[in-house]
Amino acid sequence: MKTWTSLLFITLISLALHSQPVFTLQDTLRGSLNENRDWFDIQRYDINVTPSYTTKTITGHVNWTATVVKPSHAIQIDLQQPLIIDSVVYATAAMKKGMALSFTRNLNVAMVEMKDKPAINSSFNLIIYFHGTPREAIRPPWDGGWIWKKDGNGKPWMSVACQGIGASIWYPCKDHQSDEPDHGASLTMNVPDSLFAVANGRMIKKQRLNNLMSYTWEVNNPINNYNIIPYIGDYVGWSEKYPGLKSDLDLHYWVLRQDSSKARSQFVQVPQMLKAFEYWMGPYPFYEDGYQLVQSPHLGMEHQSAVAYGNKFMNGYLGQDLSGSGWGKKWDFIIVHESGHEWFANNITTKDIADMWVHEGFTNYSETLMTDYYFGVEAGNDYNFGIRKNIRNDKTIIAHYGVNEEGSGDMYYKGSNMIHTIRHSINNDSLFRLIIIGLNKTFYHKTVTTQDIENYISTQAGFNYKKIYDQYLRTTQIPTLSYQYDAKEKILTYQWKNCIVGFNLSMPLTYNGKKYQLNPIDYIPQKKLITQDNFDINEFIKTINRLFYVNTVVEN
């Protein structure tokens, strides 16, 4: 086992290499796959929780099922303070009864010592009993924790939001994105009989426990830790079937009783969204578990097969168009964006949150694809260009690895604009669509790195986009197309500036029915382009700016 001292040494080395920002031992424990985490593979979580609305406390237990991939005898359990671990029990199929294990606690991490090392390829269960007052989310979903609210009729309304802060904010787990439970999870919620409890997947059991009702829901597919979520309230629901690409997909909707009428009108957009997304991204990835849209006491989150919805039954983002183009008010932002995560974040999940642009960049771009599908290519171009104003370029999109750090929020809008830029560089929408579908097929239910995604797109497109990724993901510089135009000779000269060495974005485009191909070179002798008749340099540059995320400047 690595001791706390040796792990601290690793953290100090990391600090020496990256002076800013400062990371702590807890960051390293949470963000790295150290030897107390990498020797076992989680196969399933079975979670049982009883929340108390009046005291804002929870009690529960979690059963881990895991397989051994290499010898070790210490297990790291993640559970964030102030929650308390009561006991830990180790069990195997060969044991007549479980064995209590001792553990030590270091803030948000517990370390469990076992007497013997389990055999490779063997399986074991770890049952962790816990209780306490979980952190309360004050501004969900932007800060994480349990949510304790009341609906308009005064009834309790409870849930959890925990992306970023981590699922260990409310249940003991191996809180690292790289290890999803291969065979899914179950969540049992014991609640007052005046309330109804919803979770991911399908309800498999309902029973009375004294004065409580117990609801058990189950997913059979791999699932991110932070996506396993309870929704508890005065819910009513209805169902329908969507004729999808794989078969009939079960759709279920759960809303507060008071909002049923408004929800039925707004949620007709779900089949429309699915039609567009299955066209652009391939089959919905979780047919076995169905699709649910659940009203939540916060704006929304991509909880797998139980998408959280809190957009007040309005189009746009709480009624606003984030692009300013007008197209963003044609559809419900939360239905579209959070459902888009079923493909990117839930189907394809990054191993380290430093690579979260894969989740947010592609999902942000799904908004453009939705607009494109129903209103045309130019509408999609308008929308994507419009959201560009939200880019800050404050820091790089890809963050530090192994310390549970997210990169810049530009992973949304800048990530989307990078994808749009690559799409127009490919200049073949049929191929681009096959690439997006291929990503979801090749990395179906898998965890990935940014290199996996970058290499796949380059290979399928037949062009090495490495320098383009480096430019947009790993710097804050926006490439500048520096140009001069000789109207008399009809010659456009140009080159890249404000970019990394070797930046080689190619820009094919059609202007006034004529095809042009710009292949600028960075910081070296300029390229030349012979233009056609009826060429307006200002309109031509506007076309470039609209399709490619670059700056342009006239060279004197």
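Size check on region 41-233: the Cα extents along the three principal axes, sorted descending, read 55, 33, 28 Å.
Of the residues 215, 456, the one with the fewest other Cβ atoms within 10 Å heads the list, and the complete ranking is 456, 215. Each DSSP beta bridge with both residues in region 460-556 is either parallel or antiparallel, and the antiparallel ones are about 75%. Rounded to the nearest Hz, the phi-derived 3J(HN,Hα) couplings of region 120-127 under the Karplus curve 6.51 cos²θ - 1.76 cosθ + 1.60 (θ = phi - 60°) are 4, 6, 7, 10, 8, 10, 10, 9, where x marks glycine and proline.
By the Stokes-Einstein formula, at 1.002 mPa s and 20 °C, region 389-467 with its Kirkwood radius over alpha-carbon pairs has D equal to 153 µm²/s.
Go ahead and estimate [θ] at 222 nm for the chain from helices alone: -39,500 (n - 2.57) per DSSP H run with n ≥ 4, summed, over the residue count, rounded to 500.
My calculation for the chain gives -7500 deg cm²/dmol from helical runs alone.
Over all distinct Cα-Cα pairs of region 340-474, the Kirkwood formula returns a hydrodynamic radius of 14.9 Å. If you take the alpha carbon radius of gyration of region 205-357 and divide it by 2.2 N^0.38 Å, what ratio comes out, to two decimals? Here the answer is 1.07, to two decimals. At 0.36 nm per residue, minus the direct Cα-Cα distance, what do residue 466 and residue 138 gain on full extension? Give it in nm, one decimal, please. Roughly 114.0 nm would be gained on extension. Close amide H partners of residue 196, meaning residues 5 or more places away or on another chain with modelled amide H under 5 Å apart, are 233, 234, 235.
Per-residue 3J(HN,Hα) values for region 191-197, derived from phi via the Karplus relation 6.51 cos²θ - 1.76 cosθ + 1.60 with θ = phi - 60°, read 9, x, 6, 7, 10, 10, 10 Hz in sequence order (x marks Gly and Pro).
Summing charges over neighbours of residue 41, with a neighbour being any other residue whose Cβ is under 12 Å away from its Cβ, gives 0 when K and R count +1 and D and E count -1. When 478, 530 are arranged by Cβ crowding within 10 Å, least crowded first, meaning fewest neighbours, the order is 530, 478.
Projected onto planes of every orientation and averaged, the convex hull of the alpha-carbon atoms in region 480-554 covers 4.6 nm².
Highest mean packing first, where packing is the average number of other Cβ atoms within 10 Å per residue, the peptides 205-214, 338-347, 147-156 line up as 338-347, 147-156, 205-214.
Remark: region 159-164, residue by residue, has Karplus-estimated 3J(HN,Hα) of 6, 9, 10, 8, 5, x Hz, where x stands for each Gly or Pro and the curve is 6.51 cos²θ - 1.76 cosθ + 1.60 at θ = phi - 60°. Listed by Cβ neighbour count within 10 Å, with the fewest neighbours leading, 439, 529 appear as 529, 439.
Out of every Cα-Cα pair that the chain contains, those further apart than 48 angstrom amount to 16 percent. From most to least packed by mean Cβ count within 10 Å, the peptides 512-524, 217-229 give 217-229, 512-524. For region 198-272, what class follows from the C-alpha gyration tensor (a ≥ b ≥ c being the square roots of its eigenvalues): rounded when a/c is under 1.5, otherwise prolate if a/b is larger than b/c, else oblate? The shape class here is oblate. Screening the chain for whole DSSP H helices with an alpha carbon extent of at least 15 angstrom along the helix axis and a mean Kyte-Doolittle hydropathy of at least -1.0 yields 4-17, 269-281, 357-375, 377-387, 413-426, 429-442, 450-461, 537-547. Among the listed pairs 395/467; 150/206; 56/446; 149/262, a Cα-Cα separation exceeding 29 Å is found for 56/446.
Throughout, read-outs are computed from the coordinates displayed, never taken from laboratory work. In this text the structure is predicted, and so the values were computed from the model without any measurement. Ideal geometry is used to build each Cβ from the backbone, glycine not excepted, and the neighbour counts take in all protein chains shown.
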